1. Looking at 585, 573, can you tell me which residue is touching a residue at least 40 places away in the same chain (Cβ under 8 Å) and closer than 28 Å to residue 607 by Cβ?
2. Can you pull out the helices (runs of 4 or more DSSP H) entirely within segment 82-183 that have at least 3 residues that are open to solvent by 10 Å² or more (accessible area, probe 1.4 Å), at pLDDT below 95 and over 30 Å from residue 502 (Cα atoms)?
3. Which number in (1) in contact with a helix residue (DSSP H, G or I) (Cβ under 9 Å, 6 or more places away or on another chain); (2) of a type outside the set (Phe, Trp, Tyr); (3) farther than 25 Å from residue 258 by Cβ; (4) open to solvent by less than 10 Å² (accessible area, probe 1.4 Å) marks the one condition that residue 569 misses?
4. Go through 78, 41 for me and flag whichever is charged (D, E, K, R), more than 26 Å from residue 618 (Cα to Cα), buried (at least 20 other Cβ atoms within 10 Å of the Cβ) and in contact with a helix residue (DSSP H, G or I) (Cβ under 9 Å, 6 or more places away or on another chain).
5. Scan segment 630-663 residue by residue and report those that are in a strand (DSSP E or B), farther than 27 Å from residue 566 by Cα and open to solvent by 60 Å² or more (accessible area, probe 1.4 Å).
6. Given the condition open to solvent by 40 Å² or more (accessible area, probe 1.4 Å), farther than 30 Å from residue 488 by Cα and part of a helix (DSSP H, G or I), answer yes or no: does some residue in segment 253-270 qualify?
7. Hey, could you check segment 524-548 for residues that are part of a loop (DSSP other than H, G, I, E, B) and open to solvent by less than 10 Å² (accessible area, probe 1.4 Å) and say which is modelled with the lowest pLDDT?
Amino acid sequence: MNINMKKDNAFILRYPFITLLCFVIIAYLPVFLPFFHLKNDFLTQNLPTRFFISESLYSGYFPWWNPYIHYGIPQYGDMNNGFWNPFLWIIAKLFGYSVLSLTLEEMFYILIGGWGIFKIFKEYTTTPISLLAALSYMCCGYIIGHLQHFIWITGTAFFPFIMLYFIRVNKSPSIKNYIATSISIFLFLASTHPGLIIGGIYFFLFATIFIYAFRKSNYLKIHYKYLLNNSVIILFLSALLSIVVIVSNLQVLQNITRGSAVAESELLLNPTSIQSYISLLIPLAVYKSEFFQTDLSMRNVYVGLSLLFGIIIFFINVKRKVTFYFIAVLFFFITLSAGGIFKTFYSTFLPGIAFVRLNGEFTYFVLLLFFIAGAVGLTCYFQNPKPFRTVNNIYNLLKWIMVSGIFVSFILIVMNNEALPKYNTIFGKAFIKDLFSNANIYYLILLGNIIQLITLFFLKKYKDSQIKWFYITGINLVTNSWLILPFTGLGILSRVEIQNKIDFAPKGIFPPPLLSINTSQQINKEDQKILWLSATYSKKIGHPIEEPYPVQLKSSALFFKDDTLKQFINKQSYVFLSIDTIINSKTNFASNDIKILEFQPGYLKLYVNNADYNYITFLQNNYPYWNMYLNGKIQNHFTGFKSFITSQLPKGSHEIVFHFSPQPIKTAFYISLCIAFVFTIILSSRKWRNYLLFKVDYDL
């Protein structure tokens, strides 16, 4: 047995990536199984846009413009879905987007995020502690709680690599490290939500201050003298590589409703409330209770019991000045993510903060600080455990907190006369649904404390073994993850059931029929409760009511606020003729007068036989870079009916083309592509990639 254990340990330490891969499969086994689906924003916002991109590529069209959302948006400017993320394009082209492919993509991001955390801590500590931190990261409360927020998970995948190469480039300023840092920044900017980008800027600002303030101690073992030079070079290279992301976002911000600071009523939405930090010790406490005063997805800040132990050691043993600085930064991010008067204050005086609606997004940086403190604390403990006389006190403190939690929850169960939940069956998905829907919060707190108390017992028993702490931590994380996933991540329908609701229209992009918006086929009403943006799946332009998607053009928002105009437009097809450009004008979209010759996202070619009408309207938002051609010649057009492409139309028969061509964005894309090609050439040369821009003293 001991020989087999040693072999297992050798394998884990020798092949850490395979270890992390196996752990992700085990910890997220309910997600991999076909019986459930990931729910909420994952389905309603992230899948539809990726589905549209893959369907466009399948038909041979590049999706600059999405005609189905809010009567058209520039897809490249959708900051809610990471249009420029290269992994998106690989999946869209090779496999196409479905519920399964998007699920696997999210699991991939969780895996590489854990790998990034492992590589960071491997710079400073042992392999077992680095692996322990990686496991805890992949199953931390932020990721488990936000599986539905796909665009936040992508950020948690790439941000660790920015941290890693920020450290490496300042330890060894080689061309390879500069390029790797720039690529990491590009992937982060291209794939994640703007809120995480804003938070990341402040995180690195605090990190830079720390490096300079404690330069004499040099805790990170980096060459602080070249910090400014390195930062300038990194920003320059990153800007070159990311120019397409920067240009497209700046351009679209001028035209969307979210392009300005959010209203005061939305500024404090969905915080991670202070009481949510109970989940640091008892993650099962994240239940549907008014006590937390926030959305269920924002409550979980669990980092693992092992790291919590390390955090306590960190605060006890690290030098006072470092502790004060750490607490100050931690206070900033905790209060920022908690909303309230602090968020109001920060949004008034700090750039960018006022643009973020969901305060719980910033909790990611709270957990990053916890991971740093926990890994440092565990490293100190295992390097020299004997001097820590307070270790037993920490064990006893945590033990009595858990015992008290068991006692209090039991008393509350008795006082409130809470019977055990009743179940209609003891098998299948119905039982699982009942198990978590009917379980009272007191029972969950009781169960959570029992799990944590058992874990603490084994941590103390094997307090001198890093590798055994790794195993104990893994088992604890898997147990808690399986119990929490039904609350925050999983829906009861199978992936096949969800996919069948999506796959009712033919494959690819095709011309929609000339039907009124009201009668155009959509997903049935029951399915629309689960799947939003149904026009994307039916591939029909227009929707009778405004759909709740965050990216919307300002002109489109004005249109949807006008109920009378909306009722008039709902009677029209996506292209129609009219006598005038006012409500209740005589209109026509009969197929004998309008014939669709070709349709693509951002392109419509049609033949019109106009005998009685003066205007033609294409129900796509009149965004910059739209052109109209009449019989091969460019034709002036204007915004009609508050938002749509409209033009005067002479009598007679005509060939008309509407074409969306964002040339500045295309130019920026080619520049980024060229920079990526140059980086690839440089990295392929050993001489160039290892070349040091600054000669440094390595004897730190």
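1. 573
2. 150-171
3. Tallying (1) in contact with a helix residue (DSSP H, G or I) (Cβ under 9 Å, 6 or more places away or on another chain); (2) of a type outside the set (Phe, Trp, Tyr); (3) farther than 25 Å from residue 258 by Cβ; (4) open to solvent by less than 10 Å² (accessible area, probe 1.4 Å), residue 569 fails exactly one: (3).
4. 41
5. Within segment 630-663, 633, 634, 653, 655 meet the criteria.
6. yes
7. Per the stated criteria, the residue is 531.
Every residue, every condition in (1) without any contact (Cβ under 8 Å) to a residue 60 or more places away in the chain; (2) over 25 Å from residue 185 (Cα atoms); (3) part of a helix (DSSP H, G or I); (4) among the small types (Gly, Ala, Ser), yes or no:
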site: 35; (1), (2), (3), (4): no, yes, no, no
site: 49; (1), (2), (3), (4): no, no, yes, no
site: 60; (1), (2), (3), (4): yes, yes, no, yes
site: 63; (1), (2), (3), (4): no, no, no, no
site: 76; (1), (2), (3), (4): no, no, yes, no
site: 80; (1), (2), (3), (4): no, no, no, no
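The values are calculated or read from the model by the stated rules, or taken from the named source; none is laboratory data. Computed from a predicted structure; not experimentally measured. Using ideal geometry, Cβ is built from the backbone for each residue, glycine included, and neighbour counts are taken over all protein chains shown. The protein model used for the area step is the full one, side chains on, heavy atoms only, and it has no ligands, DNA or RNA in it. Shrake-Rupley method; radii C 1.70, N 1.55, O 1.52, S 1.80 Å.
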